[in-house]
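Just below is one structure, and these are the notes that go with it.
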Amino acid sequence: MAIQPLAYRMRPRSIDEVVGQSHLVGKDKIIYRMVKARQLSSMILYGPPGIGKTSIASAIAGSTKYAFRTLNAVTNNKKDMEIVAAEAKMSGTVILLLDEVHRLDKAKQDFLLPHLESGAIILIGATTSNPYIAINPAIRSRTQIFELKPLSVDDIILTLDRALSDKERGLGEYQVAIEKAAKTHFATASNGDVRSALNALELAVISTEPDADGQIQVTLEIAEECLQKKSLAHDKDGDAHYDVLSAFQKSVRGSDVNAALHYMGRLIEAGDLVSISRRLLVMAYEDVGLASPQAGARTLAAVQTAEKVGFPEARIPLANAVIELCLSPKSNSAITAIDAALGDIRQGLSGEVPDHLRDGHYSGAKKLGRAEGYQYPHNFENAWVDQQYLPDRLLGKEYYTPKTTGKFEQALATVYENIAENKRKK
């Protein structure tokens, strides 16, 4: 019988063993509360591969002691689902992890729906696709949707340490001496994919001959080979990865095409498509912003193309995007504006919504004075009328300061200034 991979063996046995996803499974968070109260409902877990969707499902089953079955919406047929339903009828409740749930066809869906309604099957659907777009509304309306995030470097290092010390399921039976740089590389180069990190660690340990003292020495070079990704630099603290990302964004912000291409080249050589894609999209809106809004849409298209074709061809759309972002006019007015607004809110500067702006679409709203006196802008010339929108405490506050580095924002600035001038005249 084949030995199961380390990532499979190290799946958490209870909700308390789950690493990461603290916004969902941390103490007193939604999934943790559901498990502890044994009040489970069907759910969809979505996010990138290898970040814990199956682990959370397994942990839920382990904590509740319900039967746990795993199927795939593509490869398993309706007959397989009928077997799970029969088991649920006999045992009371079965937790069904359904991978690629967005690929569920109508026949399988129609079979599952009544079992979800009755609670006989607790569905945990796993998908890398946005469920609000990819999943049928009939399934979506019967499930709670939770987005999972890539694990942090610290989360992955914690998981690796657990695997190295666990003699029952992990690698604790081996005498392993792992360089700090190697462990950091497993954690950073896997880009939040803990499954990839664990399986690469196992390969490194099992395929390395012990030294004269019986120790298995896992070096950075071995880690690179087993993960099939090069380290950005052989520094012991692993800071180079973040230094390159920082230099990449600052080069684009500073409109230095050659430097930006250099730093992106280092990220490409490390196979870090996830970090490149995320950083390009952030720069398109943080640094270019309203100076050239179309750059954001084109960057997204380039990133999606890169993700579809993969390396080495992905370097081509990525290069297109970074060159455009470098040479586009720059404006940070949007991020500055929202951060200023958030700053006031977090300091308690908010106030009551003016009565004329409140919802008036319910019985009794008129008696409370809700929506009374509201003026519908489309009934006025240029679709604008002077009336109060900010709460009383914030009257006169201005968060947005236009920049004129690009033609689009120049046009916005003109409208903004005209509105301000009309208010002054009133």
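The values are calculated or read from the model by the stated rules, or taken from the named source; none is laboratory data. This one's a predicted model, so the numbers in the text were calculated from it and none came from an experiment. Ideal geometry is used to build each Cβ from the backbone, glycine not excepted, and the neighbour counts take in all protein chains shown. In case anyone asks, the SASA skips ligands and DNA or RNA and just uses the protein heavy atoms, side chains included. Shrake-Rupley method; radii C 1.70, N 1.55, O 1.52, S 1.80 Å.
Some observations on this one:
- Computed about the Cα centre, the dipole magnitude for the stretch 95-176 is approximately 320 debye when only Lys and Arg (+1) and Asp and Glu (-1) carry charge, each at its Cβ.
- Count Lys and Arg as plus one, Asp and Glu as minus one, and take only other residues whose Cβ is under 14 Å from that of Ala138; the net charge is then +1.
- Over the stretch 1-149 - Rg/Rh using Cα atoms and the Kirkwood inverse-distance radius: 0.94
- The packing ranking, built from the mean of other Cβ atoms within 10 Å per residue, places the peptides 160-166, 375-381 in the order 160-166, 375-381, highest first.
- Volume per residue of the convex hull around the Cα atoms, evaluated for the stretch 197-330, comes out as 107 Å³.
- Accessible-area ranking of Glu286, Glu173, largest first, probe 1.4 Å: Glu173, Glu286
- The residue list Pro354, Val274, Phe311 was ranked by how far each Cα lies along the charge dipole of the stretch 233-374 toward its positive end, using unit charges on Cβ atoms, and Pro354 comes out on top.
- Share of pairwise Cα separations in the stretch 267-426, more than 26 Å, in percent: 51
- Cα-centred dipole magnitude for the stretch 321-426, charges only on beta-carbon of K, R (+1) and D, E (-1), debye, nearest 20: 140
- Coupling constants for the stretch 287-297 follow from the phi torsions by the Karplus curve (6.51 cos²θ - 1.76 cosθ + 1.60, θ = phi - 60°), and in residue order they are 9, 8, x, 6, 5, 7, x, 5, 5, x, 5 Hz; glycine and proline get x.
- In order along the stretch 58-72, the Karplus-derived 3J(HN,Hα) couplings, from 6.51 cos²θ - 1.76 cosθ + 1.60 at θ = phi - 60°, round to 5, 5, 4, 5, x, 6, 9, 6, 6, 4, 10, 10, 10, 9, 10 Hz, and Gly and Pro are given as x.
- Percent carbon-and-sulfur accessible area, the chain, ignoring ligands, DNA and RNA, probe 1.4 Å: 52
- Where both bridge residues fall in the chain, DSSP classifies roughly 0% of the beta bridges as antiparallel.
- Once all protein chains are placed together, Arg370 keeps about 50 Å² accessible to a 1.4 angstrom probe.
- Heavy atoms of Ser118: accessible area, 1.4 Å probe, square angstrom to 10: 80
- Long-range HN-HN contacts of Asp99 with modeled amide H, under 5 Å: Leu71, Asn72, Ala73, Ala126
- All distinct Cα pairs of the chain go into the 1/r average, and the inverse of that average, the Kirkwood radius, is 25.8 Å.
- Distance from the alpha carbon centroid of the stretch 47-104 to that of the stretch 1-35 works out to 15 angstrom.
- Across the options Thr401, Ile419, Tyr374, the greatest Cα extent toward the positive end of the charge dipole of the stretch 357-426 (unit charges at beta carbon of Lys, Arg, Asp, Glu) belongs to Tyr374.
- Magnitude of the charge dipole for the chain, about its Cα centre and with charges confined to Cβ atoms of Lys, Arg (+1) and Asp, Glu (-1), is about 1540 debye.
- With the whole protein complex present, Ser207 retains an accessible surface near 70 Å², based on a 1.4 Å probe.
- C-alpha center-to-center spacing [the stretch 240-288, the stretch 168-212] in angstrom: 28
- Three principal axis extents of the stretch 267-308 based on alpha-carbon atoms, in descending order, are 32, 18, 11 Å.
- Taking each of Lys29/Lys79; Lys53/Lys108; Lys27/Lys89; Lys29/Lys65; Lys27/Lys180 in turn, the alpha-carbon distance tops 24 angstrom for Lys29/Lys79; Lys27/Lys89; Lys27/Lys180.
- Dipole of the stretch 162-311 [Lys/Arg +1, Asp/Glu -1 at C-beta], most positive-end residue of Asn191, Val257, Ala181: Val257
- Environment charge at Ala295 (Cβ cut-off 12 Å; Lys +1, Arg +1, Asp -1, Glu -1): -1
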